[in-house]
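K.L.:
Before anything else, here's the structure in question.
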């Protein structure tokens, strides 16, 4: 019961944040210098055509009325028509979303399977050469901007070593026979199409690794430091003095509670991940939402822009909600805190 | 504090700071780059290459003693343009943080000290702004505001103050019931005095460390923005733009990408080392 209340409170908070976000985006999109209708139609459109589009978009209405229209559309999930592709923004987003989701899921996979073991090993082998090396790596990984890592990977693994392709999601000639989820790796597994699977894997490897570097660095850092902190606590000392095997102490009593700060970081990480995806997608010509967003922004497509920004905000809030959910399950202190307040 | 005490304290800080090689390297890198950037027209070999300049006899020259970093597709010296490219990054970092830090600090102090509806308002506002990835927000804002660098920087500052408001707010909440604050209250000190003279000095180390770290972050952001072609007007050089342009000529003309990219990295690493050193010395936990 308390857990449900805790989740409800988090969800309500997220909805309020989303509402505020939509207001901020509205303000930004309406102070855009230059006439969005004129931008969409190009320099050769007549005055009448521009005026007609302005009317269609409701740009000539008073700001307050525009806001009411904008909000009522949003509540119904309508973002309007993209001024560039002339399709419903929802369709455009749905078309580009699977590529981004696949990239981000793959990135999260690397962050977890590389970051946590390295951080844990680093804590166990504290102050050894391995620990120093890992800490140096984690500092470097956090500091280097993701898009530069991407270009470095392209240069090294793509051009010089020629191990991996450097752009796109699939090689020319490889086709997805049946789109099920739109995530090619998962589709390939369902279809048992191994050629597709390895081709998709080869393409996603460099961008997802480039995008995951900062996260790996942070997860190493936080896992290591929280394990070292937990190790000094009384209950761990007690368990040790009872003669419980070292390996069991490390896994059950130190690593497991250390997951909580790590999970928190993963939630926060999703923000910088989504942001960096903009750059990494454009480095690797990855056909995802971020690439769509950059195009919408460069071409002043307001509706597309609003859609992308809200989608990112929503993604970030959802990620954090899921993290809160898992943390609540793992850590009774957080779950029950609501009761005390 | 007496002046002699202050000097002794400073000397202690400096001693601890100088014990760490990375911190010293960070300090040297940062100071050198700032100086070189300010003096760019006098220290670069071909200052005229920073603007509109074409020399078709010298296009795509690999690194040599005449052009340390090689030349680009219209024959401009990449070393010169990289140094001038730092201007874009440093102006951006200076302006954004110059607005955001004081604004965020004051709002954080006010919300933490007064509490009540002011606190709720300011903190809910930071919740909303922080729900968006800064890079995505920066891209959106600078796309909307066009190539006008000034507007982009103001807009970024409008996002950035929230981090400082959060930081200072948290510290004020934990400091406002300290004994020395109560003592000042009992002695009849004004609210302004308590906020700015009693509480703020205790937040200063954390603010300083965060500002140094954020300088690196804003520079990374500005490189990302200019990489996408936002916020910068060609032919003015920006490191991100140079990386993007060079990437079109990979792998044959690798120097066009690699050197501007390294230029970004050197500055970012320098600032991070400096921040780490300051964090150790000032004993800040961020």
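The values are calculated or read from the model by the stated rules, or taken from the named source; none is laboratory data. In this text the structure is predicted, and so the values were computed from the model without any measurement. We place every Cβ from the backbone using ideal geometry, glycine too, and count neighbours over all the protein chains shown.
K.L.:
Looking at segment B:205-215, can you tell me whether even one residue there is in a helix (DSSP H, G or I), more than 14 Å from chain A (Cβ to nearest Cβ), without any contact (Cβ under 8 Å) to a residue 12 or more places away in the chain and surrounded by fewer than 19 Cβ atoms within 10 Å (Cβ to Cβ)? Spell out how you get there, then give the answer.
P.N.:
Initially, segment B:205-215 is screened for residues in a helix (DSSP H, G or I), giving B:205-215.
Still in the list and also more than 14 Å from chain A (Cβ to nearest Cβ): B:205-211.
From what is left, the residues that are without any contact (Cβ under 8 Å) to a residue 12 or more places away in the chain are none.
For segment B:205-215, residues in a helix (DSSP H, G or I), more than 14 Å from chain A (Cβ to nearest Cβ), without any contact (Cβ under 8 Å) to a residue 12 or more places away in the chain and surrounded by fewer than 19 Cβ atoms within 10 Å (Cβ to Cβ): absent.
K.L.:
Being farther than 24 Å from residue A:295 by Cα and either at pLDDT below 80 or more than 14 Å from every other protein chain (Cβ to nearest Cβ) (or both) narrows it down to one residue among A:54, A:69; which is it?
P.N.:
Working: A:54 fails: farther than 24 Å from residue A:295 by Cα.
Just one listed residue meets the conditions, A:69.
K.L.:
Give just the number: which of (1) without any contact (Cβ under 8 Å) to a residue 24 or more places away in the chain; (2) in contact with a helix residue (DSSP H, G or I) (Cβ under 9 Å, 6 or more places away or on another chain) does residue A:333 not satisfy?
P.N.:
Going through the list (1) without any contact (Cβ under 8 Å) to a residue 24 or more places away in the chain; (2) in contact with a helix residue (DSSP H, G or I) (Cβ under 9 Å, 6 or more places away or on another chain), residue A:333 breaks only (2).
K.L.:
May I ask you to verify whether residue A:59 is in contact with a helix residue (DSSP H, G or I) (Cβ under 9 Å, 6 or more places away or on another chain), more than 26 Å from residue A:281 (Cβ to Cβ), in contact (Cβ under 8 Å) with a residue 12 or more places away in the chain and outside any helix (DSSP H, G or I)? Let's see the steps before the verdict.
P.N.:
On the way: in contact with a helix residue (DSSP H, G or I) (Cβ under 9 Å, 6 or more places away or on another chain): yes; more than 26 Å from residue A:281 (Cβ to Cβ): yes; in contact (Cβ under 8 Å) with a residue 12 or more places away in the chain: yes; outside any helix (DSSP H, G or I): yes.
Here the answer is yes, as residue A:59 does meet what is asked.
K.L.:
Only one of B:200, B:135 is in contact with a helix residue (DSSP H, G or I) (Cβ under 9 Å, 6 or more places away or on another chain) and under 30 Å from residue B:9 (Cα atoms). Can you tell me which? Break it down into steps so the answer makes sense when it comes.
P.N.:
Details: B:135 fails: under 30 Å from residue B:9 (Cα atoms).
The unique qualifying residue is B:200.
K.L.:
Do we have any residue at all in segment B:82-93 that's assigned to a loop (DSSP other than H, G, I, E, B) and out of contact with any strand residue (DSSP E or B) (no Cβ under 7 Å at 6 or more places or on another chain)? Spell out how you get there, then give the answer.
P.N.:
First pass over segment B:82-93, keeping only residues assigned to a loop (DSSP other than H, G, I, E, B): none.
No - not one qualifying residue is present in segment B:82-93.
K.L.:
Here is a further query. Quick one: would you say residue B:100 is buried (at least 23 other Cβ atoms within 10 Å of the Cβ) and touching a helix residue (DSSP H, G or I) at 6+ places or on another chain (Cβ under 8 Å)? First the steps, then the outcome.
P.N.:
Details: buried (at least 23 other Cβ atoms within 10 Å of the Cβ): yes; touching a helix residue (DSSP H, G or I) at 6+ places or on another chain (Cβ under 8 Å): yes.
Spelling it out, residue B:100 is indeed buried (at least 23 other Cβ atoms within 10 Å of the Cβ) and touching a helix residue (DSSP H, G or I) at 6+ places or on another chain (Cβ under 8 Å).
K.L.:
In addition: How many residues does segment A:72-84 contain that are surrounded by 14 or more Cβ atoms within 10 Å (Cβ to Cβ) and touching a helix residue (DSSP H, G or I) at 6+ places or on another chain (Cβ under 8 Å)? Let's see the steps before the verdict.
P.N.:
Filtering segment A:72-84 down to residues surrounded by 14 or more Cβ atoms within 10 Å (Cβ to Cβ) leaves A:73-74, A:78-84.
Right, trim to touching a helix residue (DSSP H, G or I) at 6+ places or on another chain (Cβ under 8 Å) and you get A:74, A:78-84.
Qualifying residue count, segment A:72-84: 8.
K.L.:
Evaluate segment A:319-327: report whether one residue or more is under 30 Å from residue A:166 (Cβ atoms), within 12 Å of another protein chain (Cβ to nearest Cβ) and assigned to a helix (DSSP H, G or I).
P.N.:
Step one: of segment A:319-327, the residues under 30 Å from residue A:166 (Cβ atoms) are A:319.
Add one more test, that the residue is within 12 Å of another protein chain (Cβ to nearest Cβ), and what stays is A:319.
In the following step, the residues that additionally are assigned to a helix (DSSP H, G or I) were identified as A:319.
The answer is yes, given that some residue of segment A:319-327 is under 30 Å from residue A:166 (Cβ atoms), within 12 Å of another protein chain (Cβ to nearest Cβ) and assigned to a helix (DSSP H, G or I).
K.L.:
Now for a different question. Quick one: residue A:275 ticks every box in (1) farther than 18 Å from residue A:151 by Cα; (2) at pLDDT below 80; (3) crowded, with 23+ Cβ neighbours inside 10 Å except a single one, so which number is it?
P.N.:
(1)
K.L.:
Are there helices (runs of 4 or more DSSP H) fully within segment A:230-305 with at least 3 residues that are farther than 30 Å from residue A:159 by Cα and more than 14 Å from chain B (Cβ to nearest Cβ)? List them.
P.N.:
Numbers: elements: A:234-241, A:256-283, A:289-298.
By residue number, A:234-241, A:256-283.
K.L.:
Please give the number of the condition residue B:60 fails out of (1) over 22 Å from the mean Cα position of the chain (by Cα); (2) at negative phi.
P.N.:
Tallying (1) over 22 Å from the mean Cα position of the chain (by Cα); (2) at negative phi, residue B:60 fails exactly one: (2).
K.L.:
Counting only residues that are away from chain A (no Cβ under 11 Å) and surrounded by 24 or more Cβ atoms within 10 Å (Cβ to Cβ), which one in segment B:233-251 is farthest from residue B:104 (Cα to Cα)? Walk me through how you get there before you give the answer.
P.N.:
Of the residues in segment B:233-251, the ones away from chain A (no Cβ under 11 Å) are B:233-238, B:241-242, B:245, B:248-249.
Among the residues that remain, those that are also surrounded by 24 or more Cβ atoms within 10 Å (Cβ to Cβ) are: B:237-238, B:241-242.
Numbers: B:237: 31, B:238: 28, B:241: 30, B:242: 33 Å.
Of everything passing the filter in segment B:233-251, B:242 is farthest from residue B:104 (Cα to Cα).
K.L.:
Which residue pairs have Cβ atoms under 7 Å apart, sit 6 or more places apart or on different chains, and have a first residue in segment A:1-27 that is within 10 Å of another protein chain (Cβ to nearest Cβ) and under 17 Å from residue A:327 (Cα atoms) and a second that is modelled with pLDDT of 80 or more and assigned to a helix (DSSP H, G or I)?
P.N.:
Once the first residue is within 10 Å of another protein chain (Cβ to nearest Cβ) and under 17 Å from residue A:327 (Cα atoms) and sits in segment A:1-27, its partners that are modelled with pLDDT of 80 or more and assigned to a helix (DSSP H, G or I) give A:14/A:317; A:14/A:321.
K.L.:
Would you mind stating whether residue B:219 is more than 16 Å from residue A:150 (Cβ to Cβ), touching a residue at least 24 places away in the same chain (Cβ under 8 Å) and facing chain A (nearest Cβ under 10 Å)? Please lay out each step first, then the result.
P.N.:
Values: more than 16 Å from residue A:150 (Cβ to Cβ): yes; touching a residue at least 24 places away in the same chain (Cβ under 8 Å): yes; facing chain A (nearest Cβ under 10 Å): yes.
Against the criterion (more than 16 Å from residue A:150 (Cβ to Cβ), touching a residue at least 24 places away in the same chain (Cβ under 8 Å) and facing chain A (nearest Cβ under 10 Å)), residue B:219 qualifies.
K.L.:
Follow-up question, since we're still on this one. Can you go through B:286, B:265, B:278 and tell me which one is part of a helix (DSSP H, G or I), more than 23 Å from residue B:151 (Cβ to Cβ) and more than 9 Å from every other protein chain (Cβ to nearest Cβ)?
P.N.:
Working: B:286 fails: part of a helix (DSSP H, G or I); B:265 fails: more than 9 Å from every other protein chain (Cβ to nearest Cβ).
Answer to the check: B:278.
Yes or no, residue by residue, for (1) part of a helix (DSSP H, G or I); (2) at pLDDT below 90; (3) within 26 Å of residue A:268 (Cα to Cα); (4) within 14 Å of chain A (Cβ to nearest Cβ):
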site	(1), (2), (3), (4)
B:111	yes, no, yes, no
B:127	yes, yes, yes, yes
B:142	yes, yes, yes, yes
B:150	yes, yes, no, yes
B:168	yes, no, yes, no
B:173	yes, yes, yes, no
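K.L.:
Take the residues in segment B:252-261 that are assigned to a helix (DSSP H, G or I) and more than 11 Å from every other protein chain (Cβ to nearest Cβ), then tell me which one is modelled with the highest pLDDT.
P.N.:
So, considering only residues that are assigned to a helix (DSSP H, G or I) and more than 11 Å from every other protein chain (Cβ to nearest Cβ), the one modelled with the highest pLDDT is B:259.
K.L.:
Could you pull out the residue among A:124, A:149, A:176 that is in contact with a helix residue (DSSP H, G or I) (Cβ under 7 Å, 6 or more places away or on another chain) and within 14 Å of another protein chain (Cβ to nearest Cβ)? Please lay out each step first, then the result.
P.N.:
On the way: A:124 fails: within 14 Å of another protein chain (Cβ to nearest Cβ); A:176 fails: within 14 Å of another protein chain (Cβ to nearest Cβ).
The unique qualifying residue is A:149.
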